[in-house]
Amino acid sequence: MAGMSSQEMIELCKRHTLYTWTAQGAVDPLPVERTDGVYMYTPDGKRILDFNSQLMSVNIGHNHPRVREAMKRQIDQLTYVYPGTATEVRARLGKKLAEITPDSINTFFFTLGGAEANENAVKIARLVTGRFKILSRYRSYHGGTHVAMQLTGDPRRWPTEPGAPGFVKVMDPEPYHYSFGKTEAERTENNLRYLEEVIMYEGPQNIAAMVIEPVTGTNGILPPPEGYLQGLRALLDRHGILLICDEVMAGFGRTGRMFSFEHGNIVPDIITMAKGLTSSYAPLGAVGVSDAIAEHFQDNTLWCGLTYNSHPVSLAAALAAIEVLQDEGLVERAAVMGEHMRAHMQRLQERHPSVKAFRQIGLFGMMDIRKNAAGDLIAPYNGTHPAMQELARFFRREGLFTFVRWSHFMCNPPLIITEQQLAEAFDIIDRGLEITDAAFEG
């Protein structure tokens, strides 16, 4: 069968399928025929550098032969059985995850993705503690399903409200428009003092858990200030509140560590993961729980489960993807290449007046665009600006795929990216920033 042209692909997809997070009349999908390494290719042969690892998820790069072969072998051996069975691939992946997570995390529940992992983490926390309320932060995204949306702080939550009850939002140590303090230590101290007051008002005896992204993802790429994770862990422990770390986006090497909470030298009670777990070669999420939580469910029912949980083909993809991360040293590579990325970002900030700031940890990065010398961001919260829209179009024309959102754009390439490929991406960005410089108000 002859392949479709780009136009045929776009027309049929728009006619017969629905796209996420947008009015369908505004959809302008990127046609993709194949992928390889850090590149995507359209049916017409155009090469596009994937500078966002799709949805910050294809950590090992596209089309890795070891993962493809592992999935093929699993299909030939065992394609599907229901979640109540024991399989070799399930046994092997559980053991592998126990090896790469902290000593106290040894038990895993497999889901279909990150949102479902967060939904089940909330269920587990409530079942174990007998408490109902869940804390989360405003600058957060935890998934698009019903409960995960109520965990989420960013504006994608608004259209689904009122949602499930029992969710309490708190400010981040890095608020959007002002700071809790001038130094990192001050921000940590002031935020934790404020958080303890919120806990007092809500009643610590009512709060089951707090869910955080240890490094905030789409809402800013925000590494925590000095001492925050350790202070948060201690505060929650004092009140018997579980700590759930959402590692869906930042996990599996993205920040230069296997998991982003490792930067704070803490161990959560529950870890949620997806995306880099399989490098998105197949749908899979997981909830990792402490030995104490796992022990609870030896005599108490785990009220969780769906038909496709622990799907053998997805488990095989995850096992192979983790082995690639380890065998090819990609976690360590992310830390090294992150320094090269930081140097490019610094150069562009010095060169372009419209660049307000950038943040980067490993190969997890974002650049902010300002509209004037006072430092005001070019677009309002949850808004846009014509220059940012034109910047997004420029990136696409020039063969760079990333996300431009509000006043920011993301820099999250696959961990296999080379120095030459980084330079290729930042050359496009350099030229694109002339658009926002032209909109800069003196």
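Across every pair of non-identical alpha carbons in region 85-212, the mean reciprocal distance, once inverted, gives a Kirkwood radius of 16.6 Å. Helix-only arithmetic for the chain: the sum of -39500 (n - 2.57) across DSSP H runs with n ≥ 4, divided by the residue total, places the mean residue ellipticity at 222 nm at -12500 deg cm²/dmol. Computed about its Cα centre, the charge dipole of region 65-327 is approximately 560 debye, with only Lys, Arg, Asp and Glu carrying charge at their Cβ.
Compared with the direct C-alpha span, the chain from Arg396 to Glu424 gains 8.7 nm at full extension, assuming 0.36 nm per residue. In this structure the amide hydrogen of Lys356, modeled in the peptide plane, comes within under 5 Å of the amide hydrogens of Asp368, Ile369, Arg370, none closer than 5 places in sequence on its chain.
For the chain, the residue among Gln298, Pro283, Leu236 whose Cα projects farthest onto the positive side of the dipole built from Cβ charges is Pro283.
Taken about its Cα centre, the chain carries a charge dipole of about 600 debye when Lys and Arg each add +1 at the Cβ and Asp and Glu each add -1 at the Cβ. Close amide H pairs (under 5 Å, H built 1.01 Å from N) link Ala209 with Leu135, Leu242, residues at least 5 positions away or on another chain. When region 320-442 is described by a simple charge dipole with +1 on each Lys and Arg Cβ and -1 on each Asp and Glu Cβ, the residue from His344, Gly383, Gln360 located farthest towards its positive end is Gly383. Bridging of Lys133 to lysines at a Cα separation below 23 Å is possible for Lys123, Lys169, once same-chain residues fewer than 8 apart are set aside. Considering only Gly25, Gly144, Gly329, the mean-square fluctuation computed in a Gaussian network model of the chain, springs between alpha carbons under 10 angstrom, is largest for Gly25. Across region 262-274, coupling constants 3J(HN,Hα) worked out from phi with the 6.51/-1.76/1.60 Karplus curve, θ = phi - 60°, read 5, 5, x, 6, 10, 10, x, 7, 9, 10, 10, 8, 5 Hz, and Gly and Pro carry x. A straight line joining the Cα centroids of region 394-440 and region 303-351 runs 20 Å.
Our note on the geometry: Cα centres of region 1-36 and region 93-155, 32 Å apart.
With q set to 0.07, 0.12, 0.13 Å⁻¹, the log10 of I(q)/I(0) for the chain, from the Debye formula over equal scatterers at the Cα positions, is -0.35, -1.08, -1.27. Note on region 191-269: Cα-Cα pairs beyond 21 Å make up 27% of the total pair count. Less than 15 Å Cβ to Cβ from Asn59, Lys/Arg counted +1 and Asp/Glu -1: what total charge do the surrounding residues give? Local net charge: -1. Looking at region 65-327 alone, DSSP beta bridges between its own residues are antiparallel in about 45 percent of cases. Considering only Cys245, Thr145, Ile60, and ranking their Cα positions along the charge dipole of the chain that arises from unit charges at the beta-carbon of Lys, Arg, Asp and Glu, the one farthest toward the positive end is Thr145. Computed extension length for Asp28-Ala164: 45.7 nm, one decimal, from 0.36 nm per residue of separation with the Cα-Cα distance subtracted.
A short reminder: the numbers here are calculations on the coordinates, not readings from a lab. These numbers come from a predicted model, not from an experiment. For neighbour counting, all protein chains shown are included, and Cβ atoms are generated from backbone atoms with ideal geometry for every residue, glycine included.
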